[in-house]
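Notes follow the structure.
The values are calculated or read from the model by the stated rules, or taken from the named source; none is laboratory data. Please read all numbers here as calculations on a predicted model, not as lab measurements. Cβ: placed from backbone, ideal geometry, glycine included. Neighbour counts: every protein chain shown.
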Amino acid sequence: MTSLVEIHRTVPFECRRCWHVWEEHYIVRRIEDQHGNEGEVWLWGGVPVPPPSPGASCPRCGCEQAVTFPDGYLAHHPEAIPRAEPPAPDATPLLSPVPRAARWPIT
C-alpha cells in the first residue's frame, strides 16, 4: 500500500551580505511505496523544487550566500524577524553642547 503525507514547512533564511531575514513556505510530500521505500518531494508554490539548502539567493540583494536556520529558530529569536515598518524617527531636534563659532570676524 502506498502512503502519502503532506507537511507544511516554513524555512527561515538569512543573507550573509545584507543580513536580510526572510521565510519561505514549502509543502513536503512524504511518500512510501508498498516495498517500504520512502521519498520526499518539496513543493514551492505548487512546483517541485529541490530542498532548501545554504546558498539560496537573497531576494533583496541577490547574494547567493544565504544560510538556513533550524526549524523553530525564529520562534525563539524574535529579534531576527524584521519589523514590518521601520521605527518612526525621533522628532526631538539635535542640539550641540558646543557653541557655534563666529563665521566672520566681529570687530
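All conditions but one from (1) without any contact (Cβ under 8 Å) to a residue 60 or more places away in the chain; (2) in a loop (DSSP other than H, G, I, E, B) apply to Y26; the one that does not is (2). Scanning the range 14-36 for residues that are within 18 Å of T2 (Cβ to Cβ), modelled with pLDDT under 90, charged (D, E, K, R) and surrounded by 13 or more Cβ atoms within 10 Å (Cβ to Cβ) gives a single hit, E32.
Only one of the listed residues (R17, R9) is basic (K, R) and either in a loop (DSSP other than H, G, I, E, B) or free of Cβ contacts under 8 Å to residues at least 40 places away in the same chain (or both). That residue is R17. Could you check, for the range 50-69, whether at least one of its residues is within 30 Å of T2 (Cβ to Cβ), without any contact (Cβ under 8 Å) to a residue 40 or more places away in the chain and exposed (fewer than 10 other Cβ atoms within 10 Å of the Cβ)? Within the range 50-69, one or more residues are within 30 Å of T2 (Cβ to Cβ), without any contact (Cβ under 8 Å) to a residue 40 or more places away in the chain and exposed (fewer than 10 other Cβ atoms within 10 Å of the Cβ). Condition first: touching a strand residue (DSSP E or B) at 6+ places or on another chain (Cβ under 6 Å), surrounded by 14 or more Cβ atoms within 10 Å (Cβ to Cβ), among the aliphatic types (A, V, I, L, M) and farther than 24 Å from A75 by Cβ. Can you find one or more residues in the range 37-45 that meet it? Looking through the range 37-45, at least one residue is touching a strand residue (DSSP E or B) at 6+ places or on another chain (Cβ under 6 Å), surrounded by 14 or more Cβ atoms within 10 Å (Cβ to Cβ), among the aliphatic types (A, V, I, L, M) and farther than 24 Å from A75 by Cβ.
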